[in-house]
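See structure below.
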Amino acid sequence: MPKVYGAVIDSQTRCMHYASPLDVIAIKFKCCGKYYPCYRCHEEAEDHPVERWKEQEWDEKAILCGVCKHELTIREYMAAGHCPQCGAPFNPGCANHYHLYFETKPNCGWK
Ligand SMILES: [Zn+2]
Ligand SMILES: [Zn+2]
Ligand SMILES: [Zn+2]
C-alpha cells in the first residue's frame, strides 16, 4: 500500500484531527504526490500550499481506502459514499472540505 504521511494514529488512516469511525480515507495531494489523512496533516508536515485537483484530473487515483487499502480515482470517490472494494462507508462530512482538495466543487451523489 502507499505510504500515508502525517499524524496518523491507526492502521485505517485516521489522524489526530479526524478520527471518527467514518474517517477511513487518505487523500493524495497533487502538490507533493503524498497521501495524507487530511489537509491539516499536510499543513503541519509540509511548508508549501496545497495544490488542488482540477476536474479534468479526476481519473487520477488519489483516494486511499484505509480499511482495505484500495486506491480509488477521485471520480469513483465522488460517485459513491462507500468503498467499491470493501464497502466501508465514507464520511459524508468530508463534503464540507472538498474545496480544500478539489478546484471544482463536485456534484456529489451521496451527500
Ligand atoms: Zn503538498
Ligand atoms: Zn489530520
Ligand atoms: Zn475499501
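The values are calculated or read from the model by the stated rules, or taken from the named source; none is laboratory data. A quick note: this is a predicted structure, and the numbers were derived from the prediction, not measured. Because the Cβ atoms are built from the backbone with ideal geometry, glycine has one as well, and the counts that use them run over all protein chains shown.
Identify the single condition in (1) away from ligand 2 (no atom under 13 Å from the Cβ); (2) surrounded by 14 or more Cβ atoms within 10 Å (Cβ to Cβ); (3) at pLDDT 95 or above that residue 15 does not satisfy, given that it satisfies every other one.
The failed condition is (1).
For residue 61, are the conditions met, namely being at negative phi, surrounded by 14 or more Cβ atoms within 10 Å (Cβ to Cβ) and touching a Ser or Thr at 6+ places or on another chain (Cβ under 7 Å)? First the steps, then the outcome.
Details: at negative phi: yes; surrounded by 14 or more Cβ atoms within 10 Å (Cβ to Cβ): yes; touching a Ser or Thr at 6+ places or on another chain (Cβ under 7 Å): yes.
Answer is yes for this residue.
If residue 44 meets every condition in (1) out of contact with any Asp or Glu (no Cβ under 7 Å at 6 or more places or on another chain); (2) at pLDDT 95 or above; (3) in a loop (DSSP other than H, G, I, E, B) apart from one, which number is that one?
The single condition residue 44 does not satisfy is (3).
Residues being of a type in the set (Val, Ile, Thr), within 16 Å of ligand 3 (Cβ to nearest atom) and not in a strand (DSSP E or B): count how many of those fall in the range 9-37. Walk me through how you get there before you give the answer.
Pass one, the range 9-37, residues of a type in the set (Val, Ile, Thr): 9, 13, 24-25, 27.
Restricting the remaining residues to those that are within 16 Å of ligand 3 (Cβ to nearest atom) gives 13, 24-25, 27.
Then keep just the ones that are not in a strand (DSSP E or B); that gives 13, 24.
Qualifying residue count for the region: 2.
Among the residues of the range 70-79, is any closer than 21 Å to residue 33 by Cα, at pLDDT 95 or above and out of contact with any strand residue (DSSP E or B) (no Cβ under 6 Å at 6 or more places or on another chain)?
Yes; the residues of the range 70-79 include at least one that is closer than 21 Å to residue 33 by Cα, at pLDDT 95 or above and out of contact with any strand residue (DSSP E or B) (no Cβ under 6 Å at 6 or more places or on another chain).
If the Cβ limit is 8 Å and pairs must be 6+ apart or interchain, which residue in the range 64-92 that is over 14 Å from residue 12 (Cα atoms) and without any contact (Cβ under 8 Å) to a residue 40 or more places away in the chain pairs with which residue that is within 16 Å of ligand 1 (Cβ to nearest atom) and in a loop (DSSP other than H, G, I, E, B)?
If the second residue must be within 16 Å of ligand 1 (Cβ to nearest atom) and in a loop (DSSP other than H, G, I, E, B), the pairs left are 73/60; 74/60.
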